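Beneath this line is the structure, given in C-alpha coordinates, with notes to follow.
The values are calculated or read from the model by the stated rules, or taken from the named source; none is laboratory data. On a predicted model such as this, the values are computed, not experimentally measured, just so you know. When we count neighbours, we look across all protein chains shown, and the Cβ atoms used for this are built from the backbone with ideal geometry, even at glycine. With ligands, DNA and RNA removed, areas are computed over all heavy atoms of the protein, side chains included. Shrake-Rupley method; radii C 1.70, N 1.55, O 1.52, S 1.80 Å.
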Amino acid sequence: MGRWSRLLAPPFVAFASITPGQRVLDVGSGTGLLSLALLELADASFVVGIEPVDAYVSYSRERHSDRRLRFEVGDALDIPFEANSFDSTLSMLILQELPDAPLALREMRRVTRPGGVVAACQWDFAKAMPMLTLFWETASEVIGDERTRRAAEECMAVAYPDDMAMQGLWQQSGLVDVTTRNLAIQMHFRSFDDYWQPFLSNVTPTSSFAASLDAAARGKIQERLRDKISMLAPASSFQLEARAWAVRGVEPSR
(Lines give C-alpha, C1' and ligand atoms only; values in the text may rest on other atoms or scores of the structure.)
Protein backbone atom coordinates (compact mmCIF):
# COMPACT_ATOMS: atom_id res chain seq x y z
CA MET A 1 0.00 0.00 0.00
CA GLY A 2 3.00 2.28 0.38
CA ARG A 3 2.94 3.74 -3.12
CA TRP A 4 -0.60 5.02 -2.59
CA SER A 5 0.50 7.05 0.44
CA ARG A 6 2.34 9.33 -1.98
CA LEU A 7 -0.97 10.16 -3.67
CA LEU A 8 -2.93 10.52 -0.43
CA ALA A 9 -0.48 12.86 1.32
CA PRO A 10 -1.26 16.02 -0.76
CA PRO A 11 -5.07 16.03 -0.24
CA PHE A 12 -4.57 15.15 3.42
CA VAL A 13 -2.16 18.06 3.92
CA ALA A 14 -4.59 20.40 2.14
CA PHE A 15 -7.45 19.22 4.38
CA ALA A 16 -5.38 19.72 7.55
CA SER A 17 -4.94 23.42 6.64
CA ILE A 18 -1.56 23.88 8.27
CA THR A 19 -0.48 27.52 8.54
CA PRO A 20 2.86 28.25 6.78
CA GLY A 21 5.93 28.39 9.00
CA GLN A 22 4.77 25.84 11.56
CA ARG A 23 6.78 23.21 13.38
CA VAL A 24 4.87 19.94 12.72
CA LEU A 25 5.05 16.41 14.10
CA ASP A 26 4.36 13.44 11.79
CA VAL A 27 3.34 10.46 13.93
CA GLY A 28 4.04 7.10 12.30
CA SER A 29 6.11 8.68 9.54
CA GLY A 30 7.00 5.45 7.73
CA THR A 31 9.04 6.31 4.63
CA GLY A 32 8.61 10.06 5.19
CA LEU A 33 6.11 10.88 2.45
CA LEU A 34 3.78 12.92 4.66
CA SER A 35 6.73 14.75 6.23
CA LEU A 36 8.00 15.74 2.79
CA ALA A 37 4.52 16.86 1.68
CA LEU A 38 4.25 19.07 4.76
CA LEU A 39 7.41 20.90 3.69
CA GLU A 40 6.47 21.17 0.04
CA LEU A 41 2.74 21.86 0.26
CA ALA A 42 2.15 23.41 3.70
CA ASP A 43 5.43 25.37 3.85
CA ALA A 44 6.20 24.03 7.32
CA SER A 45 9.36 25.48 8.85
CA PHE A 46 10.41 22.16 10.40
CA VAL A 47 8.95 18.63 10.45
CA VAL A 48 9.82 15.82 12.84
CA GLY A 49 8.73 12.30 11.93
CA ILE A 50 8.56 9.57 14.57
CA GLU A 51 8.32 5.91 13.62
CA PRO A 52 8.74 2.74 15.75
CA VAL A 53 10.51 0.71 13.03
CA ASP A 54 14.27 1.36 12.85
CA ALA A 55 14.48 0.38 9.17
CA TYR A 56 11.91 3.02 8.17
CA VAL A 57 13.72 5.69 10.16
CA SER A 58 17.03 4.79 8.50
CA TYR A 59 15.41 4.80 5.07
CA SER A 60 13.79 8.20 5.66
CA ARG A 61 17.05 9.72 6.88
CA GLU A 62 18.90 8.47 3.80
CA ARG A 63 16.16 9.37 1.32
CA HIS A 64 15.20 12.84 2.61
CA SER A 65 18.18 15.11 3.24
CA ASP A 66 16.38 18.45 3.71
CA ARG A 67 17.66 20.11 6.89
CA ARG A 68 14.10 21.03 7.83
CA LEU A 69 13.32 17.33 8.29
CA ARG A 70 14.26 15.08 11.18
CA PHE A 71 13.31 11.43 11.71
CA GLU A 72 13.48 9.64 15.03
CA VAL A 73 12.46 6.30 16.50
CA GLY A 74 9.34 6.92 18.57
CA ASP A 75 6.08 5.36 19.72
CA ALA A 76 2.69 6.97 19.05
CA LEU A 77 1.53 5.76 22.49
CA ASP A 78 4.44 7.47 24.26
CA ILE A 79 5.59 10.39 22.11
CA PRO A 80 9.12 11.38 23.19
CA PHE A 81 8.60 15.17 23.33
CA GLU A 82 7.58 17.72 25.90
CA ALA A 83 4.09 19.23 26.04
CA ASN A 84 3.39 22.00 23.51
CA SER A 85 6.47 21.10 21.43
CA PHE A 86 4.70 21.42 18.06
CA ASP A 87 2.37 23.83 16.32
CA SER A 88 0.41 20.94 14.78
CA THR A 89 0.49 17.14 14.79
CA LEU A 90 -0.59 14.84 11.94
CA SER A 91 -0.80 11.09 11.44
CA MET A 92 -1.46 9.30 8.15
CA LEU A 93 -2.70 5.71 7.85
CA ILE A 94 -1.70 4.40 11.27
CA LEU A 95 -4.91 4.95 13.27
CA GLN A 96 -6.19 1.48 12.35
CA GLU A 97 -2.86 -0.10 13.36
CA LEU A 98 -2.71 1.27 16.89
CA PRO A 99 -3.62 -0.93 19.88
CA ASP A 100 -4.92 2.13 21.78
CA ALA A 101 -5.99 4.95 19.45
CA PRO A 102 -7.47 7.13 22.26
CA LEU A 103 -4.11 7.06 24.08
CA ALA A 104 -2.27 7.95 20.87
CA LEU A 105 -4.64 10.87 20.34
CA ARG A 106 -4.06 12.09 23.90
CA GLU A 107 -0.33 11.99 23.22
CA MET A 108 -0.79 13.90 19.96
CA ARG A 109 -2.80 16.52 21.83
CA ARG A 110 -0.25 16.74 24.63
CA VAL A 111 2.61 17.72 22.33
CA THR A 112 0.48 20.21 20.33
CA ARG A 113 0.26 23.82 21.45
CA PRO A 114 -3.16 25.45 22.05
CA GLY A 115 -4.68 26.51 18.75
CA GLY A 116 -2.77 23.86 16.81
CA VAL A 117 -4.27 21.27 14.46
CA VAL A 118 -4.41 17.56 15.29
CA ALA A 119 -5.36 15.49 12.24
CA ALA A 120 -5.34 11.92 10.97
CA CYS A 121 -6.61 9.84 8.08
CA GLN A 122 -7.17 6.17 7.30
CA TRP A 123 -8.41 4.14 4.35
CA ASP A 124 -12.14 3.55 4.09
CA PHE A 125 -11.74 -0.22 4.15
CA ALA A 126 -15.45 -0.84 4.70
CA LYS A 127 -16.78 0.80 1.52
CA ALA A 128 -14.11 2.35 -0.68
CA MET A 129 -11.07 0.11 -1.15
CA PRO A 130 -11.89 -1.93 -4.29
CA MET A 131 -8.29 -3.09 -4.61
CA LEU A 132 -8.89 -5.24 -1.53
CA THR A 133 -12.63 -5.88 -1.69
CA LEU A 134 -12.27 -7.37 -5.19
CA PHE A 135 -9.73 -9.82 -3.83
CA TRP A 136 -11.84 -10.87 -0.85
CA GLU A 137 -15.04 -11.17 -2.88
CA THR A 138 -13.22 -13.42 -5.34
CA ALA A 139 -11.56 -15.49 -2.60
CA SER A 140 -14.98 -16.07 -1.02
CA GLU A 141 -16.39 -17.19 -4.37
CA VAL A 142 -13.50 -19.56 -5.11
CA ILE A 143 -13.00 -21.04 -1.62
CA GLY A 144 -16.16 -20.13 0.26
CA ASP A 145 -15.23 -21.61 3.63
CA GLU A 146 -15.56 -20.22 7.16
CA ARG A 147 -11.83 -19.52 7.42
CA THR A 148 -11.96 -17.26 4.37
CA ARG A 149 -15.00 -15.40 5.68
CA ARG A 150 -13.31 -14.77 9.05
CA ALA A 151 -10.06 -13.68 7.40
CA ALA A 152 -11.92 -11.21 5.18
CA GLU A 153 -13.76 -9.74 8.16
CA GLU A 154 -10.57 -9.40 10.18
CA CYS A 155 -8.58 -7.80 7.36
CA MET A 156 -11.28 -5.27 6.45
CA ALA A 157 -12.37 -4.40 10.00
CA VAL A 158 -11.07 -1.24 11.71
CA ALA A 159 -11.94 0.30 15.05
CA TYR A 160 -12.98 3.65 13.52
CA PRO A 161 -14.48 2.71 10.13
CA ASP A 162 -16.16 5.95 9.06
CA ASP A 163 -16.41 9.70 9.53
CA MET A 164 -18.82 9.51 12.46
CA ALA A 165 -16.56 7.16 14.42
CA MET A 166 -13.47 9.29 13.78
CA GLN A 167 -15.34 12.51 14.56
CA GLY A 168 -16.56 10.98 17.81
CA LEU A 169 -13.03 9.98 18.83
CA TRP A 170 -11.73 13.50 18.17
CA GLN A 171 -14.61 15.19 19.99
CA GLN A 172 -14.46 12.86 22.99
CA SER A 173 -10.76 13.62 23.36
CA GLY A 174 -11.58 17.30 23.91
CA LEU A 175 -10.55 18.75 20.54
CA VAL A 176 -12.75 21.53 19.13
CA ASP A 177 -13.83 22.61 15.63
CA VAL A 178 -13.76 18.96 14.56
CA THR A 179 -14.38 18.31 10.86
CA THR A 180 -14.12 15.27 8.59
CA ARG A 181 -13.73 14.71 4.86
CA ASN A 182 -13.59 11.82 2.43
CA LEU A 183 -10.38 12.02 0.37
CA ALA A 184 -10.29 10.23 -2.99
CA ILE A 185 -7.31 9.10 -5.06
CA GLN A 186 -6.94 7.04 -8.22
CA MET A 187 -4.83 3.88 -7.96
CA HIS A 188 -3.17 3.41 -11.37
CA PHE A 189 -2.07 -0.09 -12.39
CA ARG A 190 0.12 -0.67 -15.44
CA SER A 191 -1.25 -4.19 -15.91
CA PHE A 192 -3.09 -6.95 -14.09
CA ASP A 193 0.28 -8.26 -12.84
CA ASP A 194 0.99 -4.84 -11.34
CA TYR A 195 -2.25 -5.25 -9.38
CA TRP A 196 -1.74 -8.92 -8.50
CA GLN A 197 1.90 -9.08 -7.40
CA PRO A 198 1.41 -7.28 -4.04
CA PHE A 199 -0.98 -10.05 -3.00
CA LEU A 200 1.98 -12.46 -3.16
CA SER A 201 4.25 -10.40 -0.89
CA ASN A 202 3.26 -12.06 2.41
CA VAL A 203 3.76 -8.78 4.32
CA THR A 204 0.15 -7.70 5.03
CA PRO A 205 -2.80 -9.64 6.49
CA THR A 206 -4.37 -9.99 3.04
CA SER A 207 -1.16 -11.11 1.31
CA SER A 208 -0.41 -13.47 4.21
CA PHE A 209 -3.78 -15.10 3.63
CA ALA A 210 -2.98 -15.45 -0.09
CA ALA A 211 0.40 -16.97 0.76
CA SER A 212 -1.28 -19.56 3.00
CA LEU A 213 -3.32 -20.97 0.08
CA ASP A 214 -2.16 -23.81 -2.10
CA ALA A 215 -1.06 -22.98 -5.64
CA ALA A 216 -4.27 -24.29 -7.20
CA ALA A 217 -6.56 -22.09 -5.09
CA ARG A 218 -4.33 -19.06 -5.60
CA GLY A 219 -4.34 -19.67 -9.35
CA LYS A 220 -8.15 -19.84 -9.46
CA ILE A 221 -8.45 -16.57 -7.55
CA GLN A 222 -5.92 -14.96 -9.87
CA GLU A 223 -7.74 -15.99 -13.03
CA ARG A 224 -11.18 -15.02 -11.76
CA LEU A 225 -9.83 -11.65 -10.65
CA ARG A 226 -8.26 -11.17 -14.06
CA ASP A 227 -11.65 -11.79 -15.68
CA LYS A 228 -13.42 -9.37 -13.35
CA ILE A 229 -10.93 -6.58 -13.92
CA SER A 230 -10.94 -7.09 -17.69
CA MET A 231 -14.69 -6.53 -17.57
CA LEU A 232 -14.22 -3.34 -15.53
CA ALA A 233 -11.31 -2.09 -17.64
CA PRO A 234 -10.66 -3.84 -20.96
CA ALA A 235 -7.32 -2.03 -21.51
CA SER A 236 -4.17 -3.58 -20.06
CA SER A 237 -3.67 -0.59 -17.76
CA PHE A 238 -6.48 0.46 -15.46
CA GLN A 239 -7.31 2.43 -12.34
CA LEU A 240 -9.36 1.88 -9.22
CA GLU A 241 -10.60 4.67 -6.98
CA ALA A 242 -9.78 4.51 -3.29
CA ARG A 243 -11.00 6.75 -0.51
CA ALA A 244 -9.80 7.61 2.96
CA TRP A 245 -11.56 9.29 5.86
CA ALA A 246 -9.74 12.30 7.33
CA VAL A 247 -10.46 14.13 10.57
CA ARG A 248 -9.03 17.33 12.03
CA GLY A 249 -9.56 19.22 15.24
CA VAL A 250 -8.05 22.15 17.09
CA GLU A 251 -6.34 21.96 20.45
CA PRO A 252 -8.34 24.32 22.69
CA SER A 253 -6.85 27.07 24.79
CA ARG A 254 -6.06 25.85 28.28
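Observations on the structure shown:
- The magnitude of the dipole of the chain, with charges of +1 and -1 set on the Cβ of Lys/Arg and Asp/Glu and taken from the Cα centre, is near 400 debye.
- Nearest-ten-degree value, helix 54-63 long axis tilted from longest Cα axis of the chain: 80 degrees
- Here the 3J(HN,Hα) profile of the stretch 17-31, calculated from phi with Karplus coefficients 6.51, -1.76 and 1.60 at θ = phi - 60°, is 6, 6, 6, x, x, 7, 9, 10, 9, 10, 8, x, 6, x, 8 Hz, Gly and Pro shown as x.
- Calculated FRET efficiency for the pair GLU223/GLU82, C-beta based, R₀ 51 Å, to 0.05: 0.35
- Carbon + sulfur, % of accessible area of the stretch 1-77 - ligands and nucleic acids excluded, 1.4 Å: 51 percent
- Note on ARG70 and LEU200: the model spin-label points, each 7 Å out from Cα along the C-beta direction, lie 4.4 nm apart.
- Computed label-point distance, nm, for sites MET164 and ARG149 using a 7 Å Cα→Cβ extension: 2.6 nm
- The stretch 11-98 shape via C-alpha gyration tensor axes, a/c threshold 1.5: rounded
- Here the stretch 157-253 is assigned +1 on the Cβ of each Lys and Arg and -1 on the Cβ of each Asp and Glu. Its dipole about the Cα centre then comes out at about 260 debye.
- For the chain, modelled as a GNM whose springs connect Cα atoms under 10 angstrom apart, the maximal fluctuation among GLU107, GLU223, GLU241 occurs at GLU223.
- Whole-Hz ³J(HN,Hα) from phi, Karplus 6.51 cos²θ - 1.76 cosθ + 1.60, for the stretch 150-158, glycine and proline x: 5, 4, 4, 4, 5, 6, 9, 8, 9
- Förster-model FRET efficiency, 45 Å R0, SER45 and GLU241, C-beta, rounded to 0.05: 0.85
- Rounded to the nearest 5, the antiparallel percentage of DSSP beta bridges internal to the stretch 1-91 is 5%.
- Dimensions (Å) - the stretch 125-204, Cα atoms, principal axes, largest first: 46, 34, 21
- Folded to 0 to 90 degrees: helix 130-142 orientation relative to the chain principal axis, Cα: 30 degrees
- For the chain, with +1 on Lys and Arg beta carbons and -1 on Asp and Glu, the positive-most of ALA210, ALA165, LEU39 along the dipole: LEU39
- Computed with a 1.4 Å probe over protein heavy atoms only, the accessible surface of the stretch 63-196 comes to 47 Å² per residue.
- Model label points for ALA215 and VAL176, set 7 angstrom from Cα along the Cα-to-Cβ axis, are 6.5 nm apart.
- Principal axis dimensions, largest first and in whole angstrom, of the chain by Cα: 59, 38, 31
- Take 42-49, 115-122 and order them by the average number of nearby Cβ atoms within 10 Å per residue, most first; the result is 115-122, 42-49.
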